[in-house]
1. Given labels modelled 7 Å from the Cα in the Cβ direction, how far is it in nm from I60 to E315?
2. Calculate how steeply helix 305-324 sits against the longest principal axis of the alpha-carbon atoms of the chain, using the helix alpha-carbon long axis, and give the answer as 0 to 90 degrees to the nearest 10.
3. Quick check: convex hull of the Cα atoms in the chain, volume per residue, rounded to a whole Å³?
4. Once amide H atoms are built 1.01 Å from N in the peptide plane, which residues 5 or more positions from T125, or in another chain, come under 5 Å H to H?
5. Once R0 is set to 25 Å, what does the formula 1/(1 + (r/R0)^6) return for the Cβ-Cβ distance between K27 and R112, expressed as a FRET efficiency to the nearest 0.05?
6. What residues qualify as long-range amide H neighbours of F138, i.e. H under 5 Å apart, gap of 5 or more or another chain, H built at 1.01 Å from N?
7. Using the Cα centre of segment 1-45 as the reference point, and only Cβ charges (+1 on K/R, -1 on D/E), how large is the resulting charge dipole? Debye, rounded to the nearest 20.
8. With θ set to phi - 60° and the Karplus curve 6.51 cos²θ - 1.76 cosθ + 1.60, what are the ³J(HN,Hα) couplings of segment 104-116 in order, to the nearest whole Hz, using x for Gly and Pro?
Amino acid sequence: MKKALITGITGQDGAYLAKFLLEKGYKIYGIYRRLSTPNFWRLQYLDIFEKINLIPADLIDSASLIEAIKISEPEEVYHLAAQSFVGASFEQAIGTGEITGLGVTRVLEAIRQINPKIRFYQASTSELYGNGKTQGSFNEKDLFQPASPYAAAKLYGYWITRIYREGYGIFACNGILFNHESPLRGLEFVTRKISNSVAKISLGIEKELRLGNLEAKRDWGYAPEYVESMWLMLQQKEPDDYVIATNETHNVKEFCEKAFNIVGLDYKKYIKIDKRFLRPFDVNYLKGDYSNAEEKLGWEPKTKFNRLVEVMVKEDLNRWKRWQNGERFPWDAPNYPGESKILTRALRV
């Protein structure tokens, strides 16, 4: 049985990847950061909480990362953990660099010291490209122009991954994933903020949705499909870097319009522009060319924009209807008012 270690297993991608690898027959270990309020609801949502082995560790603590690799003895490490919210990186620039940037080096150095044969996946991002284009698609050869502390930290992570690959011969890949969403996306991300608010507005729980830049264009895909590409990268004969995207772009306004249409409402009546949600420096346009991944990995997106918005809105609508009917969700406590019971199970193995 192959073993995999996932950092950031409690996040959207970590949870979906764990489920995917379990279905492939892997034994899964996941690193999580100790918090006063444990955050395992996504693992519970996917019904995999009892099937994984959780190890407490922290990206700023090299000793804990070394211990996690010694305990899990993985063939593959998927490094997904980060301070991953672009907006917050402007408020916590130093912390973002420490965690999202230097954290990659700490994981790679632990692999180099313990077992350099471990295959390593680094979660890179389309934010690396910044405002490099206003049309066309970005591919693996395009210039990076980071436009946020988050993107700058990810740029460091991208290059240190390549340095360890070329300098130490570690099988290390960068997955340059463009925006990928799902019903497990955090509420701080604009897509989930929209789908969640649309559901609440349609049920009379809220009256308006406050947003920042409606003109920003993004290439939005479906997270459960994107985690398969991570696994495919580590199954190849040689390591490489890959853009994962849909090669379509839509702006935030289009997402709002589609989401409100699903519940039969006119988005113009409910959207309010709030300057608090405007970033000091924003990326205006992103669209990715996934042809290299299609050719070498056999990967392509199946869920496109309209279907993605529909999946997210309908799931949030279902959640809030059930909540109105008195059902409570201990595994999804962060999204529901009045719920204090939170799962605390974690294994030290």
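No lab work stands behind these numbers, since they all come straight from the coordinates. Predicted model only: the values in this text are computed from it and were never measured. All Cβ positions, even for glycine, are placed from backbone atoms using ideal geometry, and neighbour counts span all protein chains on display.
1. Computed distance between label sites I60 and E315 equals 3.1 nm.
2. 70 degrees
3. Numbers: hull volume 45.5 nm³, N = 349.
That works out to 130 Å³ per residue.
4. Hits under the 5 Å cutoff: L177.
5. Numbers: r = 23 Å, r/R0 = 0.92.
The formula returns an efficiency of 0.60 here.
6. K287, G288, D289
7. Working: 8 positive and 2 negative charges, 33 e Å.
The dipole of segment 1-45 has a size of about 160 debye.
8. So the J values, rounded to whole Hz, are 5, 4, 4, 5, 4, 5, 5, 5, 4, 6, 8, 7, x.
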